[in-house]
Amino acid sequence: MDFLRSLGHPEEIYNLLRFKMGCRAVLSQQERDSMSDGLQTCYKHLDETFRSYAPIIQALDGRIRDAMCILFLVIRAVDTVEDDMTISLETKIPMLHNFHTYLYQADWRFTESKDKHRQVLEDFPTISQEFRKLPAVYQEVIADNCQKMAAGMAKFLTKPMESLLDWDEYCHYVAGLVVIDVSRLFSATKLEDAPVVDDPRLSNSMGLLQQKANIIRDYLEDQQEGREFWPREVWSKYSKNPSDLAKPENIVPAVQCLNELVTNALQHIPDVLLYLSRLRNQSEFNNYAASQLIGVATLAACYNNPQVFKRAVKIRRGQAVTILMDATNMQAVRAIMYQYVNEIYQKIPVSDPSAGRTQSIVSTIQKLCLSDGPLVFRHRFSPIYLPCAVLLAVLSWQYLSRFKALE
């Protein structure tokens, strides 16, 4: 939710949205003061390296909040090793394979990273210390996630992204595992029912949809950083090299390649809808519903859009805020999902090689959205005025709070 920071005082806006969604506010200073010094430092690292997710994690029930904080910091540490192009493969690959063991080594740290999130590697002793304080059931889930994710990342450092199966496997390691293990954490604390955890295929699809949306959107940035995540099985149909897709003379086949990848990502939505329908914990539902719908909105913004090869394509701030405020139940999720896939449907070029498959999966999703009866589309502010409405609400709240204090 980094986009909210440009609207004004971020903590107050986060609290307003969280109140709207039925969640608790972000951690108060009193709550932080009651923590150990090490745990306070971990939440500080979370605030600085996961600005989007930190407020969401802080809104969780106390039984799971600290475990989620540590899980995401460990994920950030592993991800930082993978992303840092200044670390040689000779150093990086063994480090990733051994990373889960560092959780049990009190003094392990890495001080040679140049990545913007290097603090989680430099201060890893604090993170690992708080990890070892967690109940054993949490430690098991986090260490297992760390081992599998890091091993998967190491594998793809030397393995080209050849097939769509490779793409699915990579996205499983970096995103699907996270959703699977977060579900395990919620189940371990009895905050979520077992059926959510018993079908890891659904959890995996949640991660794959979101990760594929990010990979599709970030084509240009990854090319500039020397990374390639689009699978050869797809791009080789349209170009000799993935970098050639950005050349102006190749824009037609480039967009066709883009559309095929978006179509592949859309195939995870039926599983996503089923997964969300099984959730019973409201804060977990709000988190996942918003993130999945923002992923689908991103796919809709990218579909058949040549700008993906020229600049960063992002959804409008107003769209994201509306999703965060509205996506608090399945009825709203189905309505919003229907709108975005219908937006894709309206843009399908007749001549596109993937047109038939795109129409088919979109039609399937639309039927699923309509399966529980007619959709109710809530009245929305336009994208231009919604941020102003949020700010107005925040200012009104501030004024009323001060007024009451004077009474």
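The values are calculated or read from the model by the stated rules, or taken from the named source; none is laboratory data. The structure displayed is predicted, hence computed values, not measured ones. Don't worry about glycine lacking a Cβ; one is built from the backbone with ideal geometry, like all the others, and counts go over all protein chains shown. Accessible surface is based on the protein model in full, side chains and every heavy atom, while ligands, DNA and RNA are left aside. Shrake-Rupley method; radii C 1.70, N 1.55, O 1.52, S 1.80 Å.
A Förster radius of 45 Å, combined with the Cβ-Cβ distance separating Ala355 from Lys116, puts the computed FRET efficiency at roughly 0.65. Listed values for region 92-97 are Karplus-derived 3J(HN,Hα) couplings in whole Hz (6.51 cos²θ - 1.76 cosθ + 1.60, θ = phi - 60°), namely 5, 5, x, 4, 5, 5, and x replaces Gly and Pro.
Available extension along the chain between Phe156 and Glu48 is 36.1 nm, counting 0.36 nm per residue and deducting the alpha carbon span. Taking the protein heavy atoms of region 293-333 in the context of the full set of protein chains, the accessible area attributed to carbon and sulfur is 47 percent at 1.4 Å. Under the classification rounded if a/c is under 1.5, otherwise prolate if a/b is larger than b/c and oblate if not, where does region 279-324 fall, given a ≥ b ≥ c as square roots of the Cα gyration tensor eigenvalues? Prolate, since a/c reaches 1.5 and a/b exceeds b/c. Around the Cα centre of region 121-222, unit charges on the Cβ atoms of Lys, Arg, Asp and Glu (plus for the first two, minus for the last two) sum to a dipole of about 180 debye. Only protein heavy atoms count here; under a 1.4 Å probe, Glu249 has an accessible surface of about 130 Å². Look at the alpha carbon pairs under 8 Å that are at least 6 residues apart: their mean separation over the length of region 62-217 gives a relative contact order of 23 percent.
Sites listed here are chymotrypsin sites (Phe, Trp or Tyr not before Pro) in region 291-380 whose DSSP assignment is loop and whose Cβ has at most 12 other Cβ atoms within 10 Å: Phe377.
When both region 53-76 and region 146-188 are represented by their alpha-carbon centers, they are found 19 Å apart. Normalised by 2.2 N^0.38 Å, where N is the number of residues, the alpha-carbon radius of gyration of region 99-144 equals 1.18. Based on C-alpha pairs under 8 angstrom that are at least 6 apart in sequence, region 126-247 has a relative contact order of 26 percent.
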